[in-house]
1. Residue check: is LEU43 farther than 25 Å from LEU206 by Cβ, modelled with pLDDT of 85 or more and part of a helix (DSSP H, G or I)?
2. So ALA198 ticks every box in (1) touching a His at 6+ places or on another chain (Cβ under 9 Å); (2) in contact (Cβ under 8 Å) with a residue 24 or more places away in the chain but one. Which box is left unticked?
3. So in region 1-25, with the set limited to residues that are in contact with a Lys or Arg (Cβ under 9 Å, 6 or more places away or on another chain) and modelled with pLDDT of 85 or more, which one is surrounded by the most Cβ atoms within 10 Å (Cβ to Cβ)?
4. Please go through region 170-189 and pick out each residue that is touching a residue at least 24 places away in the same chain (Cβ under 8 Å) and either of a type in the set (Gly, Ala, Ser) or assigned to a helix (DSSP H, G or I) (or both).
5. Between residues in region 121-140 that are under 16 Å from ARG89 (Cβ atoms) and residues that are of a type in the set (Asp, Glu) and surrounded by 24 or more Cβ atoms within 10 Å (Cβ to Cβ), which pairs lie under 8 Å by C-beta distance while being six or more apart or on different chains?
6. Are any of the residues in region 362-383 at positive phi and among the small types (Gly, Ala, Ser)?
7. Quick check on my filter: what residues within region 190-220 are at pLDDT below 90 and either part of a loop (DSSP other than H, G, I, E, B) or over 24 Å from the mean Cα position of the chain (by Cα) (or both)?
Amino acid sequence: MTAHPWLAALKVYIHPRVVGMLFLGFSAGLPLLLVLGTLSFWLSEAGIARATIGHLSWVGLAYGFKFLWSPLVDRLTLPLLTRTLGKRRAWLLLSQVCIAAALLGMANTDPVMNLTHTVYFALAVAFASATQDIALDAYRIEAVETEKQGAMAATYQAGYRIAMITAGAGALWIAAAVDPSEATYDFRPWQVAYTVMAALMGVGMLTTLIIREPAHATPLPRIAEQGFGAWLATSFVQPFVDFFARYRWQALLLLALIAVYRISDVVMGVMSNPFYQELGFTKSEVATVSKVYGVIMTITGAALGGLLVMRVGVMRTLMLGALLSAATNLLFVWLAGRGHDVSALVFTVSADNLSAGIASSAFVAYLSSLVNQAYSATQYALFTSVMLLLPKFIAGFSGEFVDAFGWASFFTSTAALGIPVLVLVWLAGRKPPAG
């Protein structure tokens, strides 16, 4: 008896490589909120100005510029580590150790006493985390065939979002448990929370030591063998030339779509925690609703998105994700009018995160389909850098926008940013890429 097509599709989620991405996704997701969302809550509680918090979100631009050093991750061997672990795992382990060290630095720096040091350590976390992403994306692309990329993206997103529960809700719960009084700011609770988060990077390190290198192996050109000029051309120039050679004029359309696809969510996300705090939600309420219910809904959306990619295709799922991501931002306008209403917060956050999960799975699968595996780390880093640069730059002014126009106008504007995305998805879908 033939299994139902949807049941057959679900079997992809027990593939060993697909299961392994759950733990690697956790390692990738843990640092992000600790330099963005959770940090913004910490800074808001510490009395740092809204405009300053918005500007400090530019720390996240490290993820947007990772294409600059992605060729090094793709091609450069690390003494001892590469020979022992392989190309991808060597860079993964190095970056994970650096993330843990920088998180410990944040844990021992009070932003009220020395905000500059907090920013420096946050930048170090973001840089090391972006480096981990480069190696991890290359591993994911090389580990399985194209038809399993949607499932790989879904389990990656699941692990990523579990880590975001940990770095969001977990950090807030730890801080709340240690905090003698939420009425006044105390550095000690945040110190404990960030120390625990640094220790949890051990999950990523252990996973990296357990997994195997992908069977696919791109030869590593060495400077001594090629000469520095030829090595530089092969490592830095050729990956970008290859992309434009394969897609020609369509490359500009594809890059435009990549640049704006997540703009609604990224711009809105910077101010979400200050918004919750100003509405009167406590650390525990935000942890429970935003960081648990919301993340569970994101995982659900990611799994649904992975199935939709397999059943109806990438472009249709991409369009659905773009439409839902923009539309659900309008729910925050409604929440702003409701005030301190936990039920309204649950509904708004759940709907927003479900749509984000669908969009993320579709987008990761789409980006993976554009990559030439000969340059997987470099080209995927280019795509994700393009994806983040414009949204994160605009997000840096979000605090000033809220100061000038208010919360309702801010969330309405972030929804409107999704309109060009729908047009670009439609244009990209009219003629599939020729690569």
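The values are calculated or read from the model by the stated rules, or taken from the named source; none is laboratory data. Predicted, not measured: the structure shown is a model, and the values here were computed from it. Cβ coordinates were reconstructed from backbone atoms using ideal geometry, including for glycine residues, and neighbour counts include every protein chain displayed.
1. In short, yes.
2. Only one criterion is unmet by ALA198, namely (1).
3. Within region 1-25, the match that is surrounded by the most Cβ atoms within 10 Å (Cβ to Cβ) is GLY25.
4. GLY170, ALA171, LEU172, TRP173, ALA175, ALA176, PHE187
5. Filtered contacts from region 121-140: ILE134/ASP74; ALA138/ASP74.
6. Among the residues of region 362-383, not one is at positive phi and among the small types (Gly, Ala, Ser), which makes the answer no.
7. ILE211, ARG212, GLU213, PRO214, ALA215, HIS216, ALA217, THR218, PRO219, LEU220
Yes/no per residue for (1) touching a helix residue (DSSP H, G or I) at 6+ places or on another chain (Cβ under 6 Å); (2) crowded, with 23+ Cβ neighbours inside 10 Å; (3) at pLDDT 85 or above; (4) more than 22 Å from GLY269 (Cα to Cα):
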| position | (1), (2), (3), (4) |
| --- | --- |
| ALA365 | yes, yes, no, yes |
| ALA374 | no, no, no, yes |
| THR378 | yes, yes, no, yes |
| LEU389 | yes, no, no, no |
| GLY396 | yes, no, no, no |
| GLU400 | yes, no, yes, no |
| PHE410 | yes, yes, yes, no |
| ILE419 | no, no, yes, no |
